[in-house]
Amino acid sequence: MAGPVKTMAQGRSVDITVGDSILLQKCSDSVNGFLGIDMVTKTRWIDRGLTYDSITGEGFYYYFFNEGDFDSHRLPCEYSGKKFRVVGIQQIKKDTGDFRTILFGRINDNPLTVLWVEVDQAIALKELVF
């Protein structure tokens, strides 16, 4: 998806764009970590020469998740107060007609690790505050 995505956060409309830095707020569960945010690490990368548009984020999902092996877990609480950079946005139309918005973010400048942010859930849990 190219361009900003609008979402409701704390009762107001917010535009989120690829390249934005977002501050991680409070962790929802001291045992399980952030409940609306997963950390996904690509443990086996198959280089097929795929690219994505780093300015718009267009094609990021296919670029990162196309092939390979992954390790995924809830983002640990130690990341509270840290920033991540939005590298991709995916919107999926639900059966209800509403959209499910997922942000992909880089943290620690590791190209093999991305955050998978379920926007509505993370906002509802106050893991993200705008």
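Quick notes on this one:
- Test result for Leu23, part of a strand (DSSP E or B), out of contact with any Gly (no Cβ under 6 Å at 6 or more places or on another chain) and either surrounded by 11 or more Cβ atoms within 10 Å (Cβ to Cβ) or not hydrophobic (A, V, I, L, M, F, W, C) (or both): yes
- Out of Val117, Val14, Val40, Val31, sole residue that is part of a loop (DSSP other than H, G, I, E, B) and β-branched (Val, Ile, Thr): Val31
- Of the residues making up the stretch 41-85, those that are out of contact with any Asp or Glu (no Cβ under 6 Å at 6 or more places or on another chain), under 28 Å from Val31 (Cβ atoms) and of a type in the set (Gly, Ala, Ser) are Ser80, Gly81.
- Residue check for Ile123: buried (at least 17 other Cβ atoms within 10 Å of the Cβ), assigned to a helix (DSSP H, G or I), in contact with a strand residue (DSSP E or B) (Cβ under 9 Å, 6 or more places away or on another chain) and in contact (Cβ under 8 Å) with a residue 12 or more places away in the chain: yes
- Taken as a whole, the structure leaves Arg106 outside the set of residues that are farther than 15 Å from Lys42 by Cα and of a type in the set (Lys, Arg).
- Looking only at the stretch 64-81, residues that are outside any loop (DSSP other than H, G, I, E, B) and among the small types (Gly, Ala, Ser) come to 1 in all.
Residue-by-condition table, conditions (1) in contact (Cβ under 8 Å) with a residue 24 or more places away in the chain; (2) part of a strand (DSSP E or B); (3) aliphatic (A, V, I, L, M):
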position	(1), (2), (3)
Thr51	no, no, no
Ser54	yes, no, no
Tyr62	no, no, no
Ile92	no, yes, yes
Thr96	no, no, no
Arg100	no, yes, no
Phe130	yes, no, no
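Readers should treat all values here as calculations from the given coordinates under stated rules, not as data from a laboratory. Computed from a prediction, not measured in an experiment: that's the story for all the values here. Counting neighbours? That spans all protein chains shown, and the Cβs are built from the backbone with ideal geometry, glycine included.
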